[in-house]
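Bear in mind these aren't lab numbers, they're just calculated from the coordinates by the rules spelled out. Here the structure is a predicted model, which is why all the values come from computation and not from measurement. Note that we place each Cβ from the backbone using ideal geometry, even for glycine, and neighbour counts take in every protein chain shown.
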């Protein structure tokens, strides 16, 4: 077991902070931060901002210049050893004369997977792995899911009253939560490679499902909009089709796609699961398209289906301090859960106040 | 406006802490704490433990002895001026030579209501009112409700999943929350003069509705059990009838009470509200019986009725980190709330972790 000093911890904590700056811009790449230091003294900082641009290590080396020589590099993810869109970072660290590399986690991506560390060790650089590993893993949970499970991380967002209602029976639901919570959802969208909804929500609410906050659209990324629509009822007039960003309509069986294609949508037929689209197949396709994180913003039918199929990794519940009562719609339609033992347990990872509402973030224990 | 020093604040904060020691034993009396001090130096502390026993001021004076002379008394509630079960505290403070009295709040009880302070001022004692008043009011919210509104404070307890379910459709609900939350409910019961439920809950679950934790029963108090039972279906075999403490069965119209009386229950007929008992009338009766706080532990029919009638002051929700889904019963049956505008707003006053569950305490904005 490597042992890490307080100074090591401080530098890695800073590297994790730097990594988080890429949250809204780096995907489909992992987010990575790097600090180059000589003992206490930080000589260079960097993070990965955007796919195709330099990795965190390269930015930190550039900032450090000659001072990198003999220093220690703290990187939140193992440096790459392969030639992708940029030359390998392990090579750059060697050339700069770095004497020690501490990484929070090994890269799970098959083309790296230990080879970056191996290249460094073979050249005589001391390497250590595992400092603040769980924090690093949680920053890149979506990337890890994609490269290890061939499936994006699935995050379901729900806005509900404290008694679990998401709409009145009439469908009236605007607005249950306040403007601060709705802005916060913009951040969830901006960190996601795709936003998934059901055709029922499209027909009822005609949602935009895009990123509108200026500070979040600077990277020019818009998540792929994914509509589950087994019978291909998607209206040509759907508002999202006219917005920047792409829309993928997921149906089953054979349909004429041409008019929706003309309206700007991609239509693809997937395996069926009863009357529904097999969402597992859609998720595999999304992973292959480079989507790390899928945000689900849908009605109780879709979200309940995903829960029952154990396809939900994380729930983000915006809970308004209201009682909406019994003449309402619930959060999840789960017709197969009849006994208390069928319930899903959650591991709550964060609870905080967002404006007048409470945001609860929880991992689903599948 | 009086101005208070940091020393004043520290002593009153301590007096509020002392008052809280009476939470499970003093009712139907208000809970009161008293600190007697000479500047920083505390010379006596006291609190009111139980009806019929000395008030907080008397206990603090006894602890202070001769040192009380020339001191300042910090009391969370105006000292009494009337001869009740004990002689008036204002008189005792004068006899001990106290030179200044600071109270958090005036006593709303008609037999005191400013007369204690007046007696002190007339004798040349400096008096000040309002230091930490809202904290003092919240400690005695039930007592204040009873003496000013002729109605106890109504606190509704609910155990639910994070998606608002209180039971499966089958009725299965044991247990949604963990043992720590259930112990915490014992504390809610012990501070209440009465526990209210509906006949449906009695018939389905045969609840005990008593205080079982030893540290809470030391005062020998058991809350009055109140069963809303318009058609008098209360079974003679109900478990609660065999337990220490009294049971009041609330019906409407004329019924033969004799067998239930023999089984140990009091039966009383109240005004009807449609097919239900008029709970407003029951609450007035409970206030007249000296009940400050009513804890409602009932099904969605009773709790929803109370919400719709604007009879709920506070909600205490124990939220388990589970998703129970759609084949469940909700928290409140509210058939008259059809539009989003009908929802009830809550003012959340406390959120904390109780074992694996979250306890949310909220005032209902009626």
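Values as computed for the structure displayed
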read-out: Using a Förster distance of 56 Å, the FRET efficiency for residue B:138-residue A:259 (Cβ separation, nearest 0.05); value: 0.35
read-out: Chain B residue with Cβ closest to the axis mapping B onto A, distance in whole Å; value: B:164, 1
read-out: MRE, 222 nm, helices only [DSSP H, n ≥ 4, -39500 (n - 2.57), over chain A, to nearest 500]; value: -7500 deg cm²/dmol
read-out: Overall Cα dimensions of the range B:8-135 - principal axes, largest extent first, Å; value: 33, 27, 27
read-out: Efficiency of FRET from Cβ geometry, residue B:187 and residue B:121, R₀ 41 Å, rounded to 0.05; value: 0.60
read-out: At 7 Å out from Cα toward Cβ: residue B:186 inter-copy label distances (nm, ascending); value: 5.0
read-out: Cα centroid of the range B:105-163 to Cα centroid of the range A:1-37, whole Å; value: 54 Å
read-out: Average beta carbon contacts from partner chains per residue of A:164-174, 10 Å cutoff; value: 4
read-out: Cα gyration tensor, the range B:312-355 - rounded (a/c under 1.5), prolate or oblate; value: oblate
read-out: Viscosity 0.890 mPa s, temperature 25 °C, Stokes-Einstein D of the range A:241-315 from Kirkwood C-alpha radius, µm²/s; value: 179 µm²/s
read-out: Inverse of mean 1/r across different Cα pairs in the range A:212-267, Kirkwood, Å; value: 12.2 Å
read-out: Separation in nanometres of the label points that stand 7 Å from Cα toward Cβ, at residue B:53 and residue A:269; value: 8.1 nm
read-out: Nitroxide proxy distance, nm - points 7 Å out along Cα→Cβ at residue A:170 and residue B:208; value: 4.7 nm
read-out: The range A:150-268 - Rg over Rh from alpha carbon coordinates, Kirkwood radius; value: 0.97
read-out: Ellipsoid equivalent to the range A:145-214 - semi-axes via the Cα gyration tensor, in Å; value: 24, 15, 13
read-out: Residue B:17 paired with residue B:38, simple spin-label distance in nm, labels 7 Å along Cα-to-beta-carbon; value: 2.3 nm
read-out: Three-way shape label, the protein assembly as shown, alpha-carbon gyration tensor, a/c 1.5; value: oblate
read-out: Per-q log10 I(q)/I(0), the range A:68-123, q = 0.23 Å⁻¹ (Debye; single scatterer per alpha-carbon; no solvent); value: -0.85
read-out: Listed peptides A:143-153, B:167-177 by packing density, highest first (mean Cβ within 10 Å); value: A:143-153, B:167-177
read-out: Nm distances between copies for residue B:87, ranked from closest, using label points 7 Å along Cα→Cβ; value: 9.7
read-out: Fraction of alpha-carbon pairs over 28 Å apart in chain A - percent; value: 49 percent
read-out: Label point 7 Å beyond Cα along the C-beta direction, distances from residue A:335 to other copies (nm, shortest first); value: 2.6
read-out: Debye log10 I(q)/I(0) at q = 0.18, 0.22, 0.24 Å⁻¹ for the range A:259-366, Cα point scatterers; value: -1.13, -1.39, -1.49
